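Take this structure first; my questions come after.
Every number in this text was worked out from the coordinates using simple rules, so none of it is lab data. It should be emphasised that the depicted structure is a prediction, and the values quoted were computed from it without experimental measurement. For neighbour counting, all protein chains shown are included, and Cβ atoms are generated from backbone atoms with ideal geometry for every residue, glycine included.
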Amino acid sequence: MPEQISIFELVANASLLVQLVMALLALASVASWMMIFQRWFFLRRVANEVDQFEDDFWSGMDLRELHTELESRDDLSGIELVFVGGFKEFLRLSEQPGAELDSIMQGVQRGIRVALNQEEVRLGTHLAFLATVGSTSPYVGLFGTVWGIMNSFRSLANMSQATLASVAPGISEALVATAMGLFAAIPAVIGYNRFSARVEELMKRIEAFSDELTSILHRAAQAQVTRP
């Protein structure tokens, strides 16, 4: 029985361009797996932070005390930044002489909106890379395969008698590029879809909290403005 050629031998004997394609796909796969693990731990931590803050916020704690406590920290989470951004504007504008309700709430909504945009960007970090790897890796691998198969058939021109054994190694090494492209793309696509849904879920929770915070501050501003 003829000895089978290992995957390592196929890669080592591939043409330079096909080897470069394989190396690029291997780097993309390693980088995407690193980002997948980083995003998984990060988003799980953000979800825990949202749960913890909502428990503290709805526990009946005085909002001024909560704001003072959070302002003294440097490691605020996204939902905490939303609260601090909105409440800081509320305090600043409501303490001005002759402050009007509309101007106070416009400032509050502006502070909340800025914090929401920053949090959405922070949660979506690296997702664009995963999407790029997932959408382009199969085509990069296919390019390496087409190039390898083309070289295999070109070598037939120098042979007096073509056999399957003479072109099989070249075709096999070319197909490795396609396999590596799929290996890089599939986890990246799964990670992108999963994390995109998770980011959307977290943003909906934070936006729902921002709506509740806006309503609370609106009632507080209205009571302060109408106070004789």
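Calculate, in nm to one decimal, what Leu142 and Phe37 gain on full extension: separation in residues at 0.36 nm each, minus their alpha carbon distance. Could you put the intermediate results ahead of the total?
Working: separation 105, 0.36 × 105 = 37.80 nm, distance 2.71 nm.
Taking 0.36 nm per residue and subtracting the Cα distance, the gain is 35.1 nm.
Hey, with R₀ at 45 Å, roughly what FRET efficiency would Ser59 and Leu182 work out to, going by the Cβ-Cβ distance, to 0.05?
After rounding, the FRET efficiency stands at 0.35.
Looking at the range 19-120 from every direction and averaging, what is the projected area of its Cα convex hull in nm²? Write down the numbers at each step before the final one.
Values: hull surface 36.1 nm².
So the mean shadow area of the Cα hull is 9.0 nm².
By how many nm would the segment from Ala208 to Leu16 grow when fully extended, if each residue of separation counts as 0.36 nm and the alpha-carbon distance is taken off?
Gain on extension, Ala208 to Leu16, equals 63.7 nm.
Separate question: Express the C-alpha Rg of the range 7-225 as a ratio against the empirical globular expectation 2.2 N^0.38 Å, rounded to two decimals.
Against the compact-globule rule of thumb, the ratio is 1.63.
For the range 217-222, in order, what is each residue's ³J(HN,Hα) by Karplus, 6.51 cos²θ - 1.76 cosθ + 1.60 with θ = phi - 60°, in whole Hz (x at glycine and Pro)?
Coupling constants for the range 217-222: 5, 5, 5, 5, 5, 5 Hz.
Read phi for every residue in the range 184-194 and hand back ³J(HN,Hα) as whole Hz from Karplus 6.51 cos²θ - 1.76 cosθ + 1.60, θ = phi - 60°, with x for Gly and Pro.
Per-residue couplings from phi come out as 7, 6, 4, x, 5, 5, 4, x, 4, 5, 5 Hz.
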